[in-house]
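**Student:** First the structure, then my questions, so here it is.
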Amino acid sequence: FGSILSTASLVETRSLNPIPGMLEKQHLGLRSRGLLLSSLLSLLLAAGGWSLFSETFVSSGRQVTNSQHLRRFHGQSQRESGQSYGYVGTSLGAVITFCGLGLRGFRRGSSSASSAKSIRKSRGGYEAGEPEQLQLPEGCIIGDVAEGCVEYWATACSDLIVGVLKETAMQSGTRESEKRVAATPASIKMLQNEGYKVVVQSGAGVTAEFSDDDFRDAGAEILSDASAVMNKAKIIFKVRPPSLQEVRYLRPDTILFSMIYPAQNEKLVQKLKEKNITCFAMDQMPRTLSRAQSYDVLSSMANIAGYRAMVEASHHFGRFCAGQFTAAGKVDPAKVLVIGAGVAGLAAIQQAKNMGCVVRAFDVRPATREQVVAAGGEFLEVNIEEDGSGSGGYAKEMSKEFIEAEMELFRQQCADCDIVITTALIPGKPAPKLLSKEHIDGMKAGSVVVDLAAETGGNIETTKPGEVYEYNKVTHIGLSLYEHMPSRMPAQASFLFANNMAKFLCSMGPKNYFFIDYDDVPTRGSLICRGGDLTWPWSPPPPAPAPAVEEAEPEAEEEVVARSPEEESFQSTASAAAWVSFIVVALLFAGTAGGTMTTMLTTLALALVGGAQVVYGVVPALHSPLMSVTNAISGLTVVGGILMMGGGLLPETLPQTLAAVAALVSMVNVGGGFVMTRRMIDMFKRETDVSQFPELYAVPALLFVGLYAAGAYLGLVDLANESQMVYLVASMMCIGAISGLSSQQTAQFGNAMGLSGVLGALAGTLGLAYAHGATTAVLTQIATVLAAGTGLGIAVASQVEITSLPQLVAAFHSLVGLAASLTAVASALQHPGTADAMHATSEYLASGIGALTVTGSVVAFAKLQGLVGGNTAVPGGNVLSGSLAAAFAAGL
């Protein structure tokens, strides 16, 4: 509990890294009284945990009997027992409490106090140096979201109007008009839910297939021209950078959200600054921050561009993409080379693979290998080891030797491939030249090249930006990544772009309020100018330097002798044989422990083999639903809690209470897990897809539970024996659930089988509880706990945004660990000192592993949510972890 409370305060508070010259302010989070209460609770839990820890491990001169603990928790008479409970309870308390305090101390130590000299801007945000100081009510601080306080330091969204302009920019080369629009009916509803009013210029969405009536139906007001929108709206949404003429008509103090490209448009940035415009450049969004992915328009547009690049290439390619065997002869599949495995490159690889092509890909960043293979491509490499990973997720420039080897690889591949797609960009610099005229001259007649970097000069020497033309019988498509390609899919591009914009705006401040937070990385990173000041370029604060380590004298390098192919083969075979031998000997030795051990190891071994086989077949696109459904199935920790529940309508002892809580949190995970899985699977559905009628899977589920219940009610089955068969059927269904998620076609089947298996397991457990003498009152208590937990899980999973489901999976997984720990402790308390070695060890390990799962899952949630940096570490973490591991081992 110390870990959970401390990590909860970690989620609510964030360390401040004030920008020089800007005001230090407290982030949105707990109020001062809440921080004090959380601190006192953590200190109290630390003292309690240390007291129990010292009783067991430190005070060797004083005998602590189990009867003292029994009096403390149960009020029962003294009875002699061993130290089994002491080891479980005290070690668990120490592990959880110290882990929680370590995280809490680290985060609290880095936070800053809020300043009293805060100045309110007319439309949200604070800066130093204003003539008037803000008078906050007594007890109110910046960051306090309580009613009566928040309105003093933030602006209500209901006081702001968002304006959407019609795009007037023309595409370079093609001279086609920009077809995208910065808002859609769906994004407008998102803004209105936050409280914003929206006005749209008439005809703004026509080219993206959104009529004025569509916007009116969504609740927006339609205005006749751009000047009317700019005069009425405080916040302006655009796709392409505004023209200098449009800047002239913007009101001073307008807040502009748009693509800007400040490095290429210095004159535009200067005009925006002079006009006193607050400008957020969506193309400057920090792309490596997980939380900013929901606002990253560049990734959204690159995804579309990669897909469209392959579609354009196939249109100009005069042959089939997929191979065929026909009566007229065999047709080989087209060979596609994708250079650059970023977002656009991976999208192109996936589409080419879906069209039946043989796909190869190259990237200077070795980390992209797994992504290329997962997308269905073959990863190409040169014989020089050099990492091309640069800052911000982009690639860096490579050495001369690497480039020469790279050029030779491209020469060979261009001569063999039919389609080449290049995507390489370096921020702020011209695109690197990857393919020369000689490479193109070596390609086969009828080949196609697509240069998505055309807007910054192109990766191909013979590219003409914005043009589609033929050189040496090779079709060149010079349509760029962020300008031409997305505009050729305007409806889809507008939908994603508008959602990114709306989510970014809604993230700026507490619920229903607008606030410009200089310490928020996405906000500060995309801010170009404000109040007549230029705020770009900006770099996030560097991480704290690692402690200096004394350099040891270099040891003499041993000469590595290269092995022959025969030696390599012998080494590989010998290693595999050694592992198999070890496993055989270990299992035979374990069999001497008796029939119970053999039965359990048989179940474990078959589960491992079966699980590995079914998981290995799951396609990468379904990994998130896979994690969700396996997480829901792991909620079967509820079985242990159910079998230990007792008392009456309410639990009467501490073990019974712990068991009820374990069952409750397990069912939250079960109910929410299957809802999350269904929502994730539905993301892949299209309106034109034929229904799979998943409701029919209720038939086997009802037969499974109904026949068992009817047999038990009529006395036709022995509950204890039949429950074991129910468990077998439930296990097969759960394995089938994982197997079903191997493809989109069977994903609904997988989710239904998982749900049926869990329901059957619960029915079998209730039957066991009844067979063991559970009264009607206890069964009512169990049913109430199960229903409450399931309802809570379903409610939470149904309300969370689809983009936040991975974070919710991590958060729910912590409940599994909590249930395991509580069940283990309840078991130890229920029969203190009487368990055999196997059960005592199981209880101890379950409590510790459960605690580890709680803290690990909560930190994973915090990282996915962007509340904790990806490289955040606890000071002295290795020493702390080693000490805790040693204490845990000593307790065992």
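The values are calculated or read from the model by the stated rules, or taken from the named source; none is laboratory data. Please read all numbers here as calculations on a predicted model, not as lab measurements. Cβ coordinates were reconstructed from backbone atoms using ideal geometry, including for glycine residues, and neighbour counts include every protein chain displayed. Note: accessible area is taken over every heavy atom of the protein model, side chains too, but ligands, DNA and RNA are not part of it. Shrake-Rupley method; radii C 1.70, N 1.55, O 1.52, S 1.80 Å.
**Student:** For ARG175, ARG365, what's the largest-to-smallest order of accessible area, 1.4 Å probe? Show your work: numbers first, answer last.
**Tutor:** Values: ARG175 145, ARG365 35 Å².
Final ranking, largest accessible area leading: ARG175, ARG365.
**Student:** So, counting K/R as plus one and D/E as minus one, what does the shell of residues with Cβ under 10 Å around ARG360 add up to? Can you show the working numbers first?
**Tutor:** Details: positive: LYS335; negative: GLU378, ASP416.
Combined, the nearby Lys, Arg, Asp and Glu give -1.
**Student:** With every protein chain left in place, what is the accessible area of TRP536 in Å² (1.4 Å probe, nearest 10)?
**Tutor:** 70 Å²
**Student:** Exceeding 22 Å between C-alpha atoms, which entries from my cross-link table qualify? They are LYS234/LYS273; LYS273/LYS464; LYS335/LYS429; LYS166/LYS234. Before the final figure, lay out the partial values.
**Tutor:** Numbers: LYS234/LYS273 16 Å; LYS273/LYS464 34 Å; LYS335/LYS429 31 Å; LYS166/LYS234 16 Å.
Cα-Cα > 22 Å for LYS273/LYS464; LYS335/LYS429; rest within.
**Student:** Moving to a separate point now. Given points 7 Å out from each Cα along the Cα-Cβ axis, report the GLN571 to ARG248 separation in nanometres with one decimal.
**Tutor:** Each label point is offset 7 Å from its Cα along the Cβ direction, giving 7.3 nm.
**Student:** Where does each of HIS839, HIS316, HIS439 land when they are ordered by accessible area, with a 1.4 Å probe and the largest first?
**Tutor:** On the way: HIS839 105, HIS316 70, HIS439 15 Å².
In descending accessible area the options line up as HIS839, HIS316, HIS439.
**Student:** Here's another thing I want to ask about it. In percent, how large is the relative contact order of the range 254-413, given Cα pairs closer than 8 Å and 6 or more residues apart? Provide the component values of the computation, followed by the final result.
**Tutor:** Details: 216 pairs, mean separation 23.6, N = 160.
It comes to 15 percent, rounded to a whole number.
**Student:** Taking a probe of 1.4 Å, how large is the accessible area per residue of the range 700-790, in Å²? It would help to have the intermediate numbers written out before the result.
**Tutor:** Values: 4250 Å² over 91 residues.
Per residue, the range 700-790 has an accessible area of 47 Å².
**Student:** Turning to a different aspect of this structure: Would you work out what percent of the accessible area of the range 558-683, with all protein chains in place, is carbon or sulfur (probe 1.4 Å)? It would help to have the intermediate numbers written out before the result.
**Tutor:** Details: 5100 of 7230 Å².
Roughly 70 percent, rounded to a whole number.
**Student:** So, one more: Among 563-572, 192-201, what's the highest-first ranking by average C-beta atoms within 10 angstrom per residue? Before the final figure, lay out the partial values.
**Tutor:** Numbers: 563-572: 10.0, 192-201: 20.7.
In descending order of packing, they fall as 192-201, 563-572.
**Student:** Something else about it: Keeping the other protein chains in place, figure out the carbon and sulfur percent of the accessible area of the range 698-830, with a 1.4 Å probe.
**Tutor:** Details: 4130 of 5750 Å².
Ligands and nucleic acids excluded, carbon and sulfur reach 72 percent.
**Student:** Pop the C-beta distance of GLN745 and GLN324 into the FRET formula with R0 = 25 Å and round what comes out to the nearest 0.05.
**Tutor:** According to the calculation, E is roughly 0.65.
**Student:** Also, I was wondering about something else. Can you give me the Cα centroid spacing of the range 175-236 and the range 335-381 in angstrom?
**Tutor:** Cα centroid of the range 175-236 versus Cα centroid of the range 335-381: 37 Å apart.
**Student:** Quick check for you: with a 1.4 Å probe and neighbouring chains kept, what is the accessible area per residue of the range 555-672, in Å²?
**Tutor:** Working: 7290 Å² over 118 residues.
On a per-residue basis, the range 555-672 sits at 62 Å².
**Student:** Students often check this: by mean Cβ neighbours within 10 Å, which of 590-599, 694-703, 342-351 ranks highest, and how do the rest follow? Mind showing how you got there, number by number?
**Tutor:** On the way: 590-599: 11.2, 694-703: 12.7, 342-351: 26.3.
Highest-to-lowest ranking by the protection proxy: 342-351, 694-703, 590-599.
**Student:** Then there is this: Leaving ligands, DNA and RNA out of it, rank ILE849, ILE188, ILE222 by accessible area with a 1.4 Å probe, largest first. Could the numbers behind the result be given before it?
**Tutor:** Numbers: ILE849 100, ILE188 0, ILE222 35 Å².
Of ILE849, ILE188, ILE222, the descending order of accessible area is ILE849, ILE222, ILE188.
**Student:** If you don't mind, another one. For the range 349-501, calculate the relative contact order in percent as a whole number, restricting contacts to Cα pairs under 8 Å that are 6 or more residues apart. List each step's numbers first, then the result.
**Tutor:** Details: 248 pairs, mean separation 21.5, N = 153.
Relative contact order for the range 349-501 comes out at 14 percent.
**Student:** Output the pairs from LYS179/LYS503; LYS271/LYS437; LYS197/LYS275; LYS353/LYS863; LYS511/LYS863 with a Cα-Cα distance over 29 Å in this structure; if there are none, say none.
**Tutor:** On the way: LYS179/LYS503 22 Å; LYS271/LYS437 40 Å; LYS197/LYS275 24 Å; LYS353/LYS863 33 Å; LYS511/LYS863 21 Å.
Result: LYS271/LYS437; LYS353/LYS863 exceed 29 Å.
**Student:** Something else about it: Of all the accessible heavy-atom surface of the range 251-393, with the other protein chains kept in place and a 1.4 Å probe, what percent is carbon and sulfur? Don't skip to the end; give the middle numbers.
**Tutor:** Details: 3000 of 6330 Å².
Whole-percent figure for carbon plus sulfur exposure: 47.
**Student:** When a/c is below 1.5 the answer is rounded, else prolate if a/b is larger than b/c, else oblate, so apply that to the range 275-321 with a ≥ b ≥ c taken from the square roots of the Cα gyration tensor eigenvalues.
**Tutor:** On the way: a/c = 6.39, a/b = 2.39, b/c = 2.67.
Oblate is the answer for the range 275-321, as a/c is 1.5 or above yet b/c matches or exceeds a/b.
**Student:** Please give the per residue accessible area of the range 359-503, computed with a probe of 1.4 Å over protein heavy atoms only, in Å². Could you put the intermediate results ahead of the total?
**Tutor:** On the way: 6020 Å² over 145 residues.
On a per-residue basis, the range 359-503 sits at 42 Å².
**Student:** Order the peptides 448-461, 740-753 from the highest to the lowest mean number of other Cβ atoms within 10 Å of their residues.
**Tutor:** Values: 448-461: 25.4, 740-753: 21.4.
By packing density, highest mean first, the sequence is 448-461, 740-753.
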